[in-house]
1. Restricting to region 112-128, what's the tally of residues that are among the aromatic types (F, W, Y) and either assigned by TED's automatic domain parsing to the domain that holds K62 or in a loop (DSSP other than H, G, I, E, B) (or both)?
2. Working only within region 1-51, note down all residues that are farther than 23 Å from V113 by Cβ, of a type in the set (V, I, T) and at pLDDT 85 or above.
3. Which pairs have Cβ atoms under 8 Å, sit 6 or more apart or on different chains, and link a residue in region 167-179 that is over 14 Å from Q232 (Cα atoms) and not assigned by TED's automatic domain parsing to the domain that holds I122 to one that is outside any loop (DSSP other than H, G, I, E, B) and β-branched (V, I, T)?
4. Find all pairs meeting these conditions: Cβ atoms under 6 angstrom apart; at least six residues apart or on different chains; first residue within region 54-71 and without any contact (Cβ under 8 Å) to a residue 12 or more places away in the chain; second residue surrounded by fewer than 22 Cβ atoms within 10 Å (Cβ to Cβ) and in a helix (DSSP H, G or I).
5. If you take the residues of region 72-84 that are touching a residue at least 40 places away in the same chain (Cβ under 8 Å) and not acidic (D, E), which of them is nearest to R21 (Cα to Cα)?
6. From the set of residues in region 76-110 that are on the phi > 0 side of the Ramachandran plot and not assigned by TED's automatic domain parsing to the domain that holds A228, which is modelled with the highest pLDDT?
7. Is region 42-50 home to any residue that is in contact (Cβ under 8 Å) with a residue 40 or more places away in the chain, out of contact with any helix residue (DSSP H, G or I) (no Cβ under 7 Å at 6 or more places or on another chain) and either within 23 Å of A90 (Cα to Cα) or not assigned by TED's automatic domain parsing to the domain that holds M195 (or both)?
Amino acid sequence: MLKMVGFDGDDTLWRSEDYYRAANVEFAAIVGAYVDLDDAEVHARMLATERRNLALFGYGAKGMTLSMVEAAIELTDRRISAADIERIMALGKRVLQHPVVLLPGIRQAVAAVAARYPVVLITKGDLFHQERKVAESSLSGQFRRIEIVSEKNPATYRRLLDEFDLAAHEFAMVGNSLRSDIAPVVRLGGWGVHMPYHVTWAHELEAELDPRDAPHWRAVAGAAEIPAALAQLDALAPA
């Protein structure tokens, strides 16, 4: 039977990607004063820059901002003005200060799950930014433990499961990203509840899920369906 449930943070508990998307739209408008946006393939080149920098900057708004500055310099052949670099920096600061808005029904869903299982929060990104969002969410009291990690992969989940003293089949993860929340846990032999968000960063759309893993995870349309999906998986989990 399941002995613990993990929840993701961004776009599972609270809105996040919307603010990044808005920043990217404004970034394109700034760069568009220097280059033809269609010819420059701004969004594709920005994504490539972010991916290239992940190992250096990690995930989150600070890494995005530095990647925006780098991409803007490259896209404009160093013609971008200091004033526009300042505007790009302001975009990043705005994302770091965005309000924490919980997704509909998630507070009730977390409480319902916490009444049945110990729950933990496992989120990735910039430490200061994630700590602020956790604090402002008013959900921290529901979690037995809060983990802010640099990456979500099988090695990270294996380390956490060892620290929790759990076998993989005793753990389920709830999140919006197949790549970060579901696939790594399922690959270890655990369980997943996928709650897609209406927009997802392209990097998180890359997932490796074998069709044979289908019994180990469920997709839900909203937070209200999470407790029932976990109950279904719990019935399948070996004692």
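1. Summing the residues that are among the aromatic types (F, W, Y) and either assigned by TED's automatic domain parsing to the domain that holds K62 or in a loop (DSSP other than H, G, I, E, B) (or both) in region 112-128 gives 1.
2. Correct list: V25, I30, V31, V35, T49.
3. none
4. Every condition considered, the pairs that remain are F57/G63; F57/L66.
5. A72
6. Of everything passing the filter in region 76-110, R78 is modelled with the highest pLDDT.
7. Keep residues of region 42-50 that are in contact (Cβ under 8 Å) with a residue 40 or more places away in the chain, which gives 47, 50.
Next, only the ones that are out of contact with any helix residue (DSSP H, G or I) (no Cβ under 7 Å at 6 or more places or on another chain) stay: none.
No - not one qualifying residue is present in region 42-50.
Condition check ((1) part of a helix (DSSP H, G or I); (2) within 14 Å of the chain's Cα centre (by Cα); (3) among the polar types (S, T, N, Q)) across all residues:
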position: L91; (1), (2), (3): yes, no, no
position: P104; (1), (2), (3): no, no, no
position: R107; (1), (2), (3): yes, no, no
position: V110; (1), (2), (3): yes, no, no
position: Q130; (1), (2), (3): yes, yes, yes
position: Y157; (1), (2), (3): yes, no, no
position: E163; (1), (2), (3): yes, no, no
position: A172; (1), (2), (3): no, no, no
position: R179; (1), (2), (3): yes, yes, no
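The values are calculated or read from the model by the stated rules, or taken from the named source; none is laboratory data. Everything numeric in this text was worked out from a predicted model, so none of it was measured. All Cβ positions, glycine included, derive from the backbone under ideal geometry; neighbour counts span all protein chains shown.
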